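First comes the structure, then the notes that go with it.
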Amino acid sequence: MRCNPDSRQRTLALTVTCAILFVLANIYPIVTLESQGLRLSCSLPEAVQVLWRSDMEFISVLVLTTALLVPGLEIGLILTVLLQRFPTPLLLRLIEVSRPWAMVDVFVLGLLVSIKKLSDMATIVPGPALWSFCALMVLTASVRATFQLRDFWRQTSVTYAARPS
Amino acid sequence: MLPARAESAASLGLTACHGCGLLVGLPESPATNTCPRCAAHLHMRKPDSMQRTCALMIAAYVLLLPANLLPVMETQSLLGTRQDTIVSGVIHLWQSGSWPLSFVVFVASVVVPLTKLAILTMLVVSVQRRATWSPRDRTRLYRLIEFIGRWSMLDIYVVTLLAALVRLQSLATVKIGTGAIAFGAVVILTMLATRTFDPRLIWDRAEISR
C-alpha cells in the first residue's frame, strides 16, 4: 500500500515539477523558423490561435483540448488531490476520465516530425518550449506510474460507511 | 475459457463500478443504482454498448473517405502550389528521402486508424454472432486498439505546427485542408467507439456456450 508520506511527497514533487514545465511549455515558443532573413516563432497557444483564425475551428479546439487543456487539467487535479486530507471522489473520477485524452506524448512526436520536415526548407532553432514538452512527457509518465488511483479511492472509503445498494 | 473454479461477477449479481472500481451487489431491478463510494451510475455492462459502438463506427467509416480523398495540407512555395492528401504526403516524404518520417506518418495516419476500425469491426461482429473463438486473444486485441488509438492524432499535430510556422508570405505558406477535419473526426469517433464497446460482452457469449 502506497499510503506512506514519503511516497506522497515524491509524487507531489514530481507533480509540481510537471506543473512548472507545463506553464513553461505554453508560454515560450516551440521553435523559431529562419529563412531568407525572415524569422517566425510560435508557441502552442499561438499555433491554436492561427488555426482558429484560418477557419479551422474544429481542429483548433481539438489540438487545444488534447495538447493543452486536458494535460493541464490532469496535472491540476492530481496536485489538488495530493494536497487534500481526504480525496474528493469527483476529482478522482475526473482524473480517470481525462487520462486517455491527454496526448502530450503524441504531440511531442508530432513536434519532432514537423521539425524534421521544416529543417529541409529553413533553419530551425528549437525553443524552450520544446525541451519543456519533452521533459513534461517523461515526468507525466512518472507521475502516472507513482500516483495510484486505487489507493486514493481506498482513502475515500474511510470516510463513509459502506453499504451495498 | 474461464478457469474451472472461477465464477463471473455477473453470475454472482456483482458488478464493478466503472467510476472507481468498487465491487457492488446489484439488486434485480436496475432502476437508479449508484455506487456508494463515488456516486457513479452502476451498470452490469456498458449501456447500449453494441448500438453505440456500431453507430460511432459507421460514422467513422463514412468520414474515412473524405479524410483520405480530400487534401489535408496545401503548400504554397516559389515552386508553385501543392495539395497533399494523407497518402500523397507519405509518398512525397518517401520520394524526398525522409524514409523514417514517411514510415512514422504512414503508420500513424493510415495503418493505425484502419487497424483500429478493422479490429473493432471484427470484435463487434464476433460478439453479435455469439462467436466463441479465443476470448482471451480477442480481449488482447481490444487492449491493443485501446492503446494505439491516440497515436493517429500525430498527423493533426504535424499539420497544425506546419500551418502555424510556415507563414513566410510569398516564400512559403502552409494551409490546412478540409481532409484534416474529417481525419480529426475519424480519430475522435474511433476513440469513442473503443470506449463504448464493452469487452466483457466477449466473455458473456463464451460463458453461455460452456
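Checking the stated criteria, residue A:74 turns out to be crowded, with 20+ Cβ neighbours inside 10 Å and in contact (Cβ under 8 Å) with a residue 24 or more places away in the chain. Looking across the stretch B:166-180, the residues that are aliphatic (A, V, I, L, M), at the interface with chain A (Cβ under 8 Å from one of its Cβ atoms) and in a strand (DSSP E or B) come down to B:172, B:176.
For the criterion of being away from chain A (no Cβ under 13 Å) and either among the β-branched types (Val, Ile, Thr) or over 25 Å from residue A:102 (Cα atoms) (or both), residue B:138 passes. Annotation: of all residues in the stretch A:32-45 being facing chain B (nearest Cβ under 7 Å) and free of Cβ contacts under 8 Å to residues at least 40 places away in the same chain, the one that is farthest from residue A:128 (Cα to Cα) is A:36.
Each residue in the stretch B:151-165 was checked for being within 7 Å of another protein chain (Cβ to nearest Cβ) and in contact (Cβ under 8 Å) with a residue 24 or more places away in the chain, and 7 of them qualify.
Elements of the type strands (runs of 3 or more DSSP E) sitting completely within the stretch B:3-85 and holding at least 2 residues that are modelled with pLDDT of 90 or more: these cover B:73-77, B:80-84.
Return the residues of the stretch A:39-67 that are among the hydrophobic types (A, V, I, L, M, F, W, C) and crowded, with 20+ Cβ neighbours inside 10 Å; say none if nothing qualifies. Residues satisfying the conditions are A:42, A:44, A:47, A:48, A:51, A:56, A:59, A:62, A:63, A:67.
The condition of being within 30 Å of residue B:200 (Cα to Cα), modelled with pLDDT under 90 and surrounded by fewer than 19 Cβ atoms within 10 Å (Cβ to Cβ) holds for only one of B:140, B:136, that being B:136. Across the stretch A:124-151, the number of residues qualifying as at pLDDT below 90, more than 15 Å from residue A:10 (Cβ to Cβ) and loosely packed, with under 15 Cβ neighbours inside 10 Å comes to 1.
The values are calculated or read from the model by the stated rules, or taken from the named source; none is laboratory data. In this text, all values refer to a predicted model and were calculated from it rather than measured experimentally. For neighbour counting, all protein chains shown are included, and Cβ atoms are generated from backbone atoms with ideal geometry for every residue, glycine included.
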